[in-house]
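Novice: Below: one structure in structure tokens.
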Amino acid sequence: MILKFLILGLLVYLFIVLLYSSLKRKGSNTDPSQGESMVLDPHCKSYVPKNEAYRSGGHYFCSEECARAYAAQQV
């Protein structure tokens with residue numbers, strides 16, 4: 001009887017270890033040091049991925065509308 005519980009406990013432990021290592025491997029591709037660069041929109045103060053941002057006058061904006069509004073404030 002005790003032997004059955006030991007074997008069952010060992011199997012549960014092995015399952016948990018395998019599950020944990022599998023999940024850890026899947027998440028290892030998301031290294032934060034190689035994440036996407038974010039830029040701050042100087043008008044609305046929101047962060048936007050650099051590759052999606054609208055660039056105007058040396059600044060990055062979340063949209064063309066924010067770029068126009070920022071330019072209007074600077075005049």
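Novice: Find all pairs meeting these conditions: Cβ atoms under 7 angstrom apart; at least six residues apart or on different chains; first residue within the range 46-75 and surrounded by fewer than 12 Cβ atoms within 10 Å (Cβ to Cβ); second residue in a strand (DSSP E or B).
Specialist: Partner pairs satisfying both residue conditions: 64/54.
Novice: Scan the range 19-33 and give yes if some residue there is at pLDDT 95 or above and among the aromatic types (Phe, Trp, Tyr), otherwise no.
Specialist: Checking the range 19-33: not a single residue is at pLDDT 95 or above and among the aromatic types (Phe, Trp, Tyr).
The values are calculated or read from the model by the stated rules, or taken from the named source; none is laboratory data. If you're wondering where the values come from, they're calculated on a predicted model, not measured in any experiment. Glycine gets a Cβ as well: all are built from the backbone with ideal geometry, and neighbour counts include every protein chain shown.
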